[in-house]
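What follows is a single structure, written as structure tokens, with notes after it.
The values are calculated or read from the model by the stated rules, or taken from the named source; none is laboratory data. What you are looking at is a predicted structure, and each value in this text was computed from that prediction instead of being measured. Neighbour counts run over all protein chains shown; Cβ positions are idealised from the backbone, glycine included.
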Amino acid sequence: MEEQGLQDAAIFLVSLGEEEAAEVFKHLAPKEVQKLGEAIANMRSVSRERVEEVMSRFTDEAASQSLLVSDTNNYVKAVLRRALGDDKASLLIDRIMQGSDVSGIESLKWMDAQSIAELLRNEHPQIMAAILVHLETDLISGVLKHLTERMRNEVMIRIATLEGIQPAALNDLNEVLYKVLQGGDKVRKTSLGGVQTAADIINMMGSAIESTVMESIREVDQDLAQKIEDKMFTFEDLSKLDNKSVQTILKEVSTDALVVALKGSSDELKELILGNMSSRAAEALREDLDSRGPVRLSEVEGQQKEILKIVRRLSDEGTIVIAGGGDDGFV
């Protein structure tokens, strides 16, 4: 959600009043609730003109929307089956409907990493892996940080080798999590897990934990460890991107975040970043880098992770193209 849209949404929700705003929040994802909540909390004063502008725009957009069919899920299923046949359509329908199925795993997305770790701590690593792959990679990495090193490494190996989850397995997960995982029997086999998921999670852990996890995986399966490394993309790998991709990324990164993230990075990466900025912006960044005092490693890695999230999003959108950290074929 872009900054302008976030502020407009916050203004709109405040204008609705507590009861109506609460109903809207019920339909939002955890991160959306957090961002909107922060925006509302930081709101001080808004002009009447701005409020009227937001409400007017919402009214116009709402009036322009119309629902052509009453049951869109069934419509999509029917059209795809008619166009592709049952077998091909089923594979595509599973992916499309995965986001709309009401799964008890959604409950975990509202919990903090430590609480999830406590909930799963005594479960078998295979069960933990099957549950965790439903969450976002930054939350998974947070959960794993709260586990013992041995358990963390065992879970990562299983995530990396996970090829899908059958309905019967999801029923077993329901028994493990009781009411937390309700509705899992409606979810069909998905493409969750695998080498790329493992690489994404490890990228979010920070260098200290990353090295111990990879060392453990390498001891068990050297080929698997190499596959994971080939899929990993680190902050230093930004130096292998082309200028256009770097410029696209820089448009979405604040100067303050960039200054902290570049602390301790290679001269090659710094020069690439500076070379893709205007002369005035590059000069200002050099001054900030020179004047900024020591920064905690955790803060540096935190900002690098946030930038890597932007890189992955842009890659998923097709705006930029990246390869894994072990591959020289960046384009």
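Tabulated data for the structure shown
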| item | result |
| --- | --- |
| Test for K35: is it of a type in the set (K, R), surrounded by 13 or more Cβ atoms within 10 Å (Cβ to Cβ) and modelled with pLDDT under 70 | no |
| Subset of region 230-288 (residues that are surrounded by 13 or more Cβ atoms within 10 Å (Cβ to Cβ), without any contact (Cβ under 8 Å) to a residue 24 or more places away in the chain and either small (G, A, S) or closer than 15 Å to S315 by Cα (or both)) | A282 |
| Some residue of region 58-68 being over 30 Å from L139 (Cβ atoms), surrounded by 11 or more Cβ atoms within 10 Å (Cβ to Cβ) and either in contact with a strand residue (DSSP E or B) (Cβ under 9 Å, 6 or more places away or on another chain) or modelled with pLDDT of 70 or more (or both) | yes |
| Hits in region 258-282 (condition: of a type outside the set (S, T, N, Q) and touching an Asp or Glu at 6+ places or on another chain (Cβ under 7 Å)) | V259, V260, L269 |
| Residue that is modelled with the highest pLDDT [pool: residues in region 275-319 that are small (G, A, S) and part of a loop (DSSP other than H, G, I, E, B)] | S278 |
| Which numbered condition I96 fails, given (1) modelled with pLDDT of 70 or more; (2) more than 19 Å from G193 (Cβ to Cβ) | (1) |
| Residue list for region 142-159, filter: free of Cβ contacts under 8 Å to residues at least 60 places away in the same chain, over 17 Å from the mean Cα position of the chain (by Cα) and surrounded by 23 or more Cβ atoms within 10 Å (Cβ to Cβ) | V155 |
| Region 105-141: number of residues that are of a type outside the set (S, T, N, Q), in contact (Cβ under 8 Å) with a residue 40 or more places away in the chain and in a helix (DSSP H, G or I) | 9 |
| Scan of region 234-284 for residues that are closer than 19 Å to V300 by Cβ and polar (S, T, N, Q), ordered by number | T234, S239, S254, T255, S265, S266 |
